[in-house]
Each structure stands twice: as C-alpha cells, then as structure tokens.
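Following: one structure in structure tokens, then a few remarks.
The values are calculated or read from the model by the stated rules, or taken from the named source; none is laboratory data. Quantities reported herein were computed from a predicted structural model and do not represent experimental measurements. So basically every Cβ, Gly included, is an ideal-geometry build from the backbone, and we count neighbours across all protein chains shown.
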There are 2 protein chains.
Amino acid sequence: MNREDAIKMTLEVIKEKKLENSSIGEIVKKMDISPGNLYYHFKSKNELYREVLEYSINEIADSLDKVKLDINKKNNLFQLTEKLIRFLEKREDILFFLITMKGSSYLEKKSNSRDLLLNFKNMLVNQDLNTEHEKRIALKLNMFLGSVYEVLYENKLLKKRNLTSAEINEIYLSFWGNEGKEDNGI
Amino acid sequence: MNREDAIKMTLEVIKEKKLENSSIGEIVKKMDISPGNLYYHFKSKNELYREVLEYSINEIADSLDKVKLDINKKNNLFQLTEKLIRFLEKREDILFFLITMKGSSYLEKKSNSRDLLLNFKNMLVNQDLNTEHEKRIALKLNMFLGSVYEVLYENKLLKKRNLTSAEINEIYLSFWGNEGKEDNGI
DNA sequence: GTCTATAGAACGATAGAC
DNA sequence: GTCTATCGTTCTATAGAC
C-alpha cells in the first residue's frame, strides 16, 4: 500500500459513489486491500480525507505554477484562467471532490477553498496593496472560483463536454477583462 | 406533524450538523416526534430531501417573483441580483442546502440547480432567441449563480457578514453590466 | 396519526494472527 | 505491513400497539 494510491483511489470512489456512499469499505474494495491495512496508514477517515484535500490543492497549484512567471500580466491572467479550467476538466475527480466537500464536516478546520484562494492571491497580487483593493480582489477571486466550479459542474460533470475557447474567454473577460487596462496592481 | 414543518426542520438540521451527520434520528429528535411518525408522512429519506429541494427553489422563486414585472430591464437585472443575494443571506438554511447538495446522490434525478436556472432563464430572456445567444445566457447564468453561492459561502456562512451594496453592485456589473447597454434580448 | 421497539444492514475502527 | 474477524455503534426503515 502507498499513500498516494490511497488518495487517488479515494478521489475515484467519491466521484463514482458520491460523498455519502463513500465508505472505508468501498475504498478498500476498490484498492483491493484490507480495512486493517488502510487503518495502519491513516488513523481515521477524516485524516484520509484531509490528505485528499491537500493533494488536490497541491495538484492544482503545481499545474498553475507553470504559467506563474509570465511577464505580461494581462496575458498571465488569461493563461491562469485557461490552465485552471483545462486542469479541472482533465481531473474530474479533483473537481468533483472540491465541489462536494464544500460545507462538509470532514475537513472542518481547513475551511476548504480558503487555501486555494490564498494560493491564487499570492500569484495574482503584489505585496504592497491597500486593504480596500485587497478586499476587492478577494471578492473577485471568490466570484471567479465559484463561476469556474459551477460552469464546469454543469458542463463537464453533467453534460460531459469541455468548454470552448470562446467560453473560456467569456469567463476571463467577466472577471479580469477590465483589470488589465488600468495597471492597478493585479 | 405537518409536511412544511418537517421540511423546515430538515433544513435546520442539515445546516447545523452538515449533510453527512443529518440522519432521520437527528431530524425526529429536533422535531420531537417519532421515526415512525416521520415515515408515515414521507416514504423515505430521499423523498424528504427531494421535497426540501422543491421547497427551497419555490421559496427563491417566490421571492424573485416580486421584482419580475419591472419594465426597465437593466434595473430589473440589478434588482434580481440584489433580491437573490439578500434572500439567501436571510435564509442561510436554504443557501447551505443548495451548496451542500450539489453532487450528492440524494436528489439524483432532479440535477439540482437545473430547475433554479430554468426559473431564472424564463424570467430573464425573451421567447424568441437564437440558440447561440441562448447558450451565452446559459453560460452567464451559471457563472452568476456560482459566484453568488461561493461569495455568500465565504462571507455569510464562514465570516458571518452580509455583503455591502458596493459588493452587490460589483457582482451585478461583472455579469450584467455590459448587457444592458445593447438591448440584445436580456 | 403517533408511538415504542426493533429488525437488518452498514458503518468506522480495532485486536490479534501471521 | 497486511490480513481476517469482529466489536460497538448508528443508520434507514418497518411492525404492531394504541
């Protein structure tokens, strides 16, 4: 048994069976190991789920890190938008997990998308922003992430289709289209 | 026992205990009735949850119906945005339920926000739209709803604060700000 | 209609052999 | 490390008395 395998299989089970039907029994059946073995590596179901969240956020962060260093900021924001969407389309398991875990008690302390938002913020904003502007960025980021989740939930998970380039552009423009014009810190 | 009471109490329990800890036992304890009694009125937990969804969507629709008939369309869209946000801030139970139920197997057939989106669409668009434009509206509506859920999740449910008028205006402008200018069917 | 009592299954987690 | 076996609990749902 290997921790990363367990995490990946857990994501698979949650996507297939939905959260409320994802038991230790289902997970070990999928992994073809014994319950005792899983509990040797993870002390509880909560710990397993917490590591699944950590893995998911790291995977997204790794994927976005590749476009982090672009110099043209406007281009940067478009690339980040596109990269995030294409990543979540490819990793439906992570997309479904992040959506379905919102509001669950399993991850309580981690407060879910908070860390992901923080990641984004660090990539998008400069260090020396006034708080008023920071608040506006935080609001925009929340709106942006919510839109991405909802649009991909409807299109990728329900209708099984990827977004067109035009649709990604529409999403980009709604949130970051006006920001590029004035170089106001984003 | 009365069906609407059961539905309201169920919303309360889910908000307090989270979805995975909301059992028939917790619901009847809260209602101070017996399990047998609840099952006399609802044939299963799934049926109860389905009725909770129906109730929630109807409550939102009723709330929005009041601004439906405004003649100035641009003003209409702002009022709808504001009304929806203020309603969900007031009814945290419904807000939490809609967020937490996304991707669960309880409501499978109803596909969750689909009905709410349909409601919106009927209120926003004219009858005779070409499909290309209709698709764009559908995308915008998904983005809009996703943003509202995510922003209210972060602010109302986690930070326990209502949005400012400026924030609501920001949300309105991101989605409908440009639409009003050209009278293109919305 | 509403209750009590409980069936029957599934759950998270552990003990102990290997 | 990995297994089998099972503990103790909780769950949905039902039977049957009132």
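Hey, can you tell me all the residues within segment B:1-22 that are within 11 Å of chain A (Cβ to nearest Cβ) and not basic (Lys, Arg)?
Looking only at segment B:1-22, we keep the residues that are within 11 Å of chain A (Cβ to nearest Cβ), and these are B:14-22.
Selection gives B:Ile14, B:Glu16, B:Leu19, B:Glu20, B:Asn21, B:Ser22.
Would you be able to tell me the number of residues in segment A:6-44 that are surrounded by 13 or more Cβ atoms within 10 Å (Cβ to Cβ), under 19 Å from A:Ile99 (Cα atoms) and not hydroxyl-bearing (Ser, Thr, Tyr)?
13
Is at least one residue of segment A:119-136 at pLDDT below 80 and among the aromatic types (Phe, Trp, Tyr)?
Looking for residues that are at pLDDT below 80 and among the aromatic types (Phe, Trp, Tyr), one finds at least one in segment A:119-136, hence yes.
Can you find a residue that is within 14 Å of chain B (Cβ to nearest Cβ) and within 16 Å of DNA strand C (Cβ to nearest atom) anywhere in segment A:77-93?
Checking segment A:77-93: not a single residue is within 14 Å of chain B (Cβ to nearest Cβ) and within 16 Å of DNA strand C (Cβ to nearest atom).
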